[in-house]
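K.L.:
Following this message is one structure expressed as structure tokens.
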Amino acid sequence: MRPSGAAGTHRGFFWICVFWFSIASCFSANDLVNLQTTEGTYAKCGDNVILTCNASSPQPWNLNIKKFVWQFGNTTMCQFGADQDDDQFRCESTNTTFNRTIFLTLYNVMPTNEGNYLCKLYSTSGSWNGGSQLRAEECLESTEASSNENYAECSFDGVYPSGEVHWFQGDTNVTEEAYTHKEKDESERFNIRSVMNLKNNGLGEPYNCSLWIPSLGRYIATEEVSSGGCSVRLQWIWLVVSLMMSFIV
């Protein structure tokens, strides 16, 4: 026997209600939590950086958290409720009526710490993800300049991103006459050595060696280097004069 029109209408209405209730349940589950993370962060080498992941709820917190973590690559660095502190990073977590928060503090940031940090929250009602991009920039640990009668040398250590050494004598760019060598250290920074042969450039104006960072589009350090030969000659002249004066006396 075919169902009556009224029964069919009621059954159709029932399934429509189930359908819309299911959709409403999905949306309400996703709306239970608003996950916010620290935006893209830039840091100089050696700085400490704090990455924050905050899960907030419009109503008093009643979610059963299965997992709430900061991850870097395949490594879980920070977990909610499991605070820790060592020489590389610190993990802290807090909870209030409407919020659950984890703080990841990175000590002495280096290029090896660069990348995308993911915050993940899993609960019995759903899952949420966020991320924070960390970049190291304008890193320079030390500079040094020296010269003798034949050569001038500039050294830039702990450089990141990679850079170039430009040489100037007065307003003249003489970079092509220099030899430059760079190598990476264990923290992915660059140590750069640049040597200028003074024999081909006379002994007049002093030299400037400047560290240019292409990705930044500017110089971040400059050293002045004397041409060396003049000072050496003056030392010899002073020595000869001193000897002559000693004989006269």
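Please treat every number below as a calculation from the coordinates, not as lab data. This one's a predicted model, so the numbers in the text were calculated from it and none came from an experiment. Virtual Cβ from ideal backbone geometry, glycine too; neighbours counted across all protein chains shown.
K.L.:
Over the Cα atoms of the range 132-178, each weighted equally, I'd like the Debye log10 I(q)/I(0) at q = 0.17, 0.21, 0.28, 0.30 Å⁻¹, rounded to two decimals.
P.N.:
Ignoring solvent entirely, the Cα scatterers give -0.66, -0.87, -1.13, -1.16.
K.L.:
Per the Kirkwood definition applied to all pairs of different Cα atoms, how many angstroms is the hydrodynamic radius of the range 92-211?
P.N.:
Values: mean 1/r = 0.0552 Å⁻¹.
Mean inverse Cα-Cα distance, inverted, gives 18.1 Å.
K.L.:
Across the Cα atoms of the range 74-121, what radius of gyration and what greatest pairwise Cα-Cα distance (Dmax) are found, in Å?
P.N.:
In Å, with Rg to one decimal and Dmax whole: 11.8, 38.
K.L.:
If you don't mind, there's one more thing I want to ask. Please enumerate, by chain and number, the aspartates and glutamates with C-alpha under 20 Å from the C-alpha of residue 66, excluding those fewer than 8 residues away in the same chain.
P.N.:
31, 83, 92
K.L.:
Using all alpha carbons of the range 171-220, what is the percent of pairwise distances in each 5 Å bin, ordered from the shortest bin to the longest?
P.N.:
4, 15, 23, 24, 16, 10, 6, 2
K.L.:
Using Cα-Cα distances under 8 Å and only pairs 6 or more residues apart, what relative contact order does the range 32-136 have, in percent?
P.N.:
Details: 262 pairs, mean separation 38.1, N = 105.
RCO, the range 32-136: 36 percent.
K.L.:
Taking the alpha-carbon set of the range 32-136, what are its Rg and Dmax in Å?
P.N.:
Here Rg and the maximum Cα pair distance are 13.7, 41 Å.
K.L.:
At a Förster distance of 35 Å, what's the computed FRET efficiency of residue 92 paired with residue 135, Cβ-Cβ distance as r, to 0.05? Write out the running numbers ahead of the final one.
P.N.:
Working: r = 23 Å, r/R0 = 0.66.
Calculated transfer efficiency: 0.90.
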